[in-house]
1. Please label the shape of the stretch 1-47 as rounded, prolate or oblate, based on the square roots a ≥ b ≥ c of the eigenvalues of the alpha-carbon gyration tensor (a/c under 1.5 means rounded; beyond that, a/b larger than b/c means prolate, else oblate).
2. Determine the shape class of the chain: with a ≥ b ≥ c the square roots of the Cα gyration tensor eigenvalues, call it rounded for a/c under 1.5, and otherwise prolate if a/b is greater than b/c, oblate otherwise.
3. Describe numerically, in nm with one decimal, the distance between label points set 7 Å from Cα along Cα→Cβ at Asp227 and at Arg10.
4. With each label point set 7 Å from Cα along the Cα-Cβ vector, what nm distance links Thr104 and Ser19?
5. Using Cα springs under 10 Å in a Gaussian network model of the chain, which residue among Arg161, Arg33, Arg124 shows the largest mean-square fluctuation?
6. Which whole-Hz ³J(HN,Hα) couplings does the stretch 178-192 yield from phi under the Karplus relation 6.51 cos²θ - 1.76 cosθ + 1.60, θ = phi - 60°, glycine and proline marked x?
7. Of Arg171, Arg5, which has the most accessible area with a 1.4 Å probe, and how do the rest follow in descending order?
8. Label the stretch 67-150 by shape, choosing from rounded, prolate and oblate, from the square roots a ≥ b ≥ c of the eigenvalues of the Cα gyration tensor; if a/c is under 1.5 it is rounded, and otherwise prolate applies when a/b is larger than b/c, oblate when it is not.
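The values are calculated or read from the model by the stated rules, or taken from the named source; none is laboratory data. Model, not experiment: these values are computed from the prediction. Note: ideal-geometry Cβ built from the backbone for every residue, glycine included; neighbour counts use all protein chains shown. Just so you know, the surface numbers come from the protein's heavy atoms only, side chains and all, with ligands and any DNA or RNA stripped out. Shrake-Rupley method; radii C 1.70, N 1.55, O 1.52, S 1.80 Å.
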Amino acid sequence: DKNRRDILGRIRSVFLSRSVREIGQGAFKNCSRLEYVLVPGTCEKIGDRTFSGCSAMTGVTLPQKIERIGNGLFFGCKALENIELPEEVTEIGDLAFSGCEHITYIQMPEGVKKIGRKAFSGCRYLMYISFPDSLEDVGQDAFRNAMWYTGRPDGVIYAGRCAVGYKGKNREVTISDRCVSISPGAFTNNEWISSVTVPEGVRRIGAEAFWNCSRLGSVKLPETLEDMGDHSFAGCRMLKEINIPKGLKKINEFAFSGCIVLGSVELPEDLEVIERDAFRACQNFHSIILPPHLKRIDDEAFAGCENLGEIIIPDSVEEIDERAFA
C-alpha cells in the first residue's frame, strides 16, 4: 500500500548483521532510494528479485558463499556500477542484471555454467565480459542491446564456448569446434544462411535456434547432440537435408514444423518420444519408418503431412495422441 511504498522510498542504506543466513525473495524490491547494501559473509542464499527496482543503488557487496545470482536480482538497478561476482557462483538467472545501464565490465568466475534469458539485456555500457571455460548454457537474448554484443564483428558471436548470435550475410556457416551449445534464438529469422555445420562436441541446440531461417537448405548435426529445443528448425521452408543424431531420445515440439520441402529424415534408433507438432506440415514426406524403441507420438505430430502415404509403427509404441496424423 501507499504507506509501505513511502517507507521503502526513504531507505538509503542497509547493513545486515552476521546472523543473517538468507534474504528472501523480493526483500528490498522497489526501495527506490536505496544506494548501498552490505550483505554479510555468513549469508548463503539471496532470493529472486531481492533488489529489483532499486534504481538508485550504486553498490552492493555479495558474500562469497552465494552460488546463484537469482532471477531479476538486480533488474532495473540503473545506477549499479561494476560488481564483483562471488567465486562460488555457478548460475546467473533470467533478467539478473537486465537494465543495469552503468555496468561497464563483468568478470565471471570459473565455475559459472549457466547464464539465463536476458540476464544482461539493456546493459548498454557493458563493454567487457570475461567468460569462463565452464560456461555451457546461455539463454535467449542474454546480451541484447549490451555494448559488448553490438560491438562484435560479423560472423558467429560466442560467449565463451556458447554460440549466442550471428551477424553478417555469409551463406555457409561453420560453428567453432570449441562450441558446446547454441543458444535459443541464436540464428532466428536469418535470411542469408543456406547451410550450417555444427561440430562434434555441441550437446545442445536451444529453442528457436534456427527458427524461420528462410534460405537454410542443409544442416549437419553432430553425434554428440543430446537436446534440440522447441521450434529449433521450425519454418525453415527450404530445408532439404538434415541428419538427426543417434543420441537424441526426443524430437521436441514444433522442431521441424513447416519444413515443407524436407523429403525424409532417418530417425535415430533410440528415439522414444515425438512431441506435438514436431513434423507438422512437412508436406514432402511420402513415407516414414518409426524407430524400434519409440514409445509415444504426441498430438498432431505429423498433422498436415498431406503426401504421407505409408507409416510403419513399431510394437514399442504405447501411446498415440489425438490427431497425431491429422
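1. Note, shape of the stretch 1-47 comes out prolate.
2. It is prolate, given that a/c is not under 1.5 and a/b is the larger ratio.
3. 4.8
4. 4.1
5. Arg33
6. So the Karplus estimates, Gly and Pro as x, are 8, 5, 10, 7, 10, 5, x, x, 4, 10, 3, 6, 5, 9, 10 Hz.
7. Reading off the accessible areas and sorting them downward yields Arg5, Arg171.
8. rounded
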